[in-house]
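Here's the structure, in structure tokens; my notes come after.
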Amino acid sequence: MAAKLKKGDKVVVLAGKDKGKTGAIVSVDPKAGKAVVDGVNVAIRHTRQSQTSQGGRLPKALPIDLSNLAIVDANGKATRVGFRMEDGKKVRFAKTTGDVI
């Protein structure tokens with residue numbers, strides 16, 4: 001199945017502790033059905049100091065389920081993603097506005 005959400009898409013969180021927050025997708029794991037969104041679902045990870053890196057408490061964005069994310073349309077609202085053929089190519093479009101993503 002084609003990917004409705006891809007790396008670089010601007011999304012909004014629909015459910016969970018970060019509901020309402022927006023950010024860009026950093027990476028997607030389609031097999032697990034999860035994505036890492038910049039600035040969302042952030043946890044503190046404690047790392048030991050080494051010769052290459054400074055140790056301490058580092059914030060890290062953890063994966064969030066794709067079902068809890070929705071793409072943001074041109075109006076800044078959450079929308080669903082549809083597919084259609086244009087000039088022989090399959091393109092994604094926003095269901096609310098009909099604009100190509």
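Restricting region 62-101 to residues that are under 18 Å from LYS34 (Cα atoms) and polar (S, T, N, Q), the residue that is surrounded by the most Cβ atoms within 10 Å (Cβ to Cβ) is ASN68. Please work out which residue is farthest from LEU69 (Cα to Cα), limiting yourself to region 1-11 and to residues that are open to solvent by less than 70 Å² (accessible area, probe 1.4 Å) and touching a residue at least 24 places away in the same chain (Cβ under 8 Å). In this case the residue turns out to be ALA2. Just one of (1) closer than 22 Å to ALA3 by Cα; (2) at pLDDT below 90 fails for SER53. It is (1). Listed by first and then second residue, the pairs with beta-carbon distance under 6 Å, at least 6 apart or on different chains, first residue in region 73-101 and more than 12 Å from LYS4 (Cβ to Cβ), second assigned to a strand (DSSP E or B) and among the hydroxyl-bearing types (Ser, Thr, Tyr), are ASP73/THR79; THR96/THR79.
The values are calculated or read from the model by the stated rules, or taken from the named source; none is laboratory data. Nothing here was measured: the structure is a model prediction, and the numbers come from that model. Virtual Cβ from ideal backbone geometry, glycine too; neighbours counted across all protein chains shown. For the accessible areas, the whole protein counts, side chains as well, though only heavy atoms, and no ligand, DNA or RNA atoms are used. Shrake-Rupley method; radii C 1.70, N 1.55, O 1.52, S 1.80 Å.
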